[in-house]
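Working notes for the structure below.
The values are calculated or read from the model by the stated rules, or taken from the named source; none is laboratory data. Note that this is a predicted model, so its numbers are computed, not measured. Please note: Cβ atoms are built from the backbone with ideal geometry, for glycine as well, and neighbour counts cover all protein chains shown.
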Amino acid sequence: MSLSRRQMLLAVSAFGLTFVPAACARRPEASTTPAGSITLDEVFVGEVRGRGVFEVDLTGSQRRFSARLHGRLDGDRLIVAEDFVYDDGQEGRLTWVFERAGPGRWTGRREDTVGVAEVVEQGDTIRMDYTADFETPDGVTRLAFSDVIYRAPDGKVINEAIVRRWGLPVGRVRFEMTRE
């Protein structure tokens, strides 16, 4: 079943009014067999490509996408341009600008973020929390993301996120990255 961005956001909105105890995970868990330490700049500097899926918890609907990322480090600033294409043909580009905020800490902004993303590098995982506004034909939908980024034993970098609306989990994202 193909899920348009509008359908996905409508399902997310509808689910935001429903409470399902089984879906109340606070954040995704990193792999139980991580493959070593990881840093934000190590993951995103250079050329990276990947495939991912967004899944709506209420309906099980999925929307798949691919992305190419190009990151560059300029002093304590990391800039990551994300060019993505959904399987239905929709394309987009978003650019993160991260600033080093101390050892193992970054802050970041993207065109659609509300406030600042908080990023913490914790040995074998990177945790990132942020809120973003998504434009729909019916207006703006605000979603909160809790991401965990880690290296899988096969060398891929995995980004898993729990997506919330009004504080309730409504969806999940999994994005697998490899170096070009």
- Message: Let me spell it out: the conditions are (1) at pLDDT 95 or above; (2) assigned to a strand (DSSP E or B); (3) under 19 Å from the mean Cα position of the chain (by Cα), and VAL43 meets all of them except one. Which number is the exception?
- Response: (2)
- Note on the structure: Quick count over segment 144-162, residues being outside any strand (DSSP E or B) and under 13 Å from the mean Cα position of the chain (by Cα), is 0
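Listed here are the residues, each with its yes/no results for (1) of a type outside the set (Lys, Arg); (2) at pLDDT 95 or above.
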position: GLN7; (1), (2): yes, no
position: LEU10; (1), (2): yes, no
position: PHE15; (1), (2): yes, no
position: PRO21; (1), (2): yes, no
position: THR59; (1), (2): yes, no
position: ARG93; (1), (2): no, yes
position: VAL97; (1), (2): yes, yes
position: ARG110; (1), (2): no, yes
- Note on the structure: Given (1) at pLDDT 95 or above; (2) under 23 Å from VAL170 (Cα atoms); (3) among the acidic types (Asp, Glu), ASP88 misses just (1)
- Do we find a residue being closer than 18 Å to VAL114 by Cα, in contact with an Asp or Glu (Cβ under 8 Å, 6 or more places away or on another chain), without any contact (Cβ under 8 Å) to a residue 24 or more places away in the chain and not polar (S, T, N, Q) anywhere in segment 160-180? no
- Qualifying positions in segment 80-102 - within 14 Å of the chain's Cα centre (by Cα) and of a type in the set (A, V, I, L, M): VAL80, ALA81, LEU94
- Message: Please go through segment 50-66 and give me each residue that is over 20 Å from TYR130 (Cα atoms), loosely packed, with under 15 Cβ neighbours inside 10 Å and in contact (Cβ under 8 Å) with a residue 60 or more places away in the chain, ordered by number.
- Response: ARG51
- Report yes if ARG77 is of a type outside the set (Asp, Glu), within 15 Å of the chain's Cα centre (by Cα) and at pLDDT 95 or above, otherwise no. no
- Query: When you look at ASP154, is it acidic (Asp, Glu), under 26 Å from ARG49 (Cβ atoms) and exposed (fewer than 14 other Cβ atoms within 10 Å of the Cβ), yes or no?
  - Reply: yes
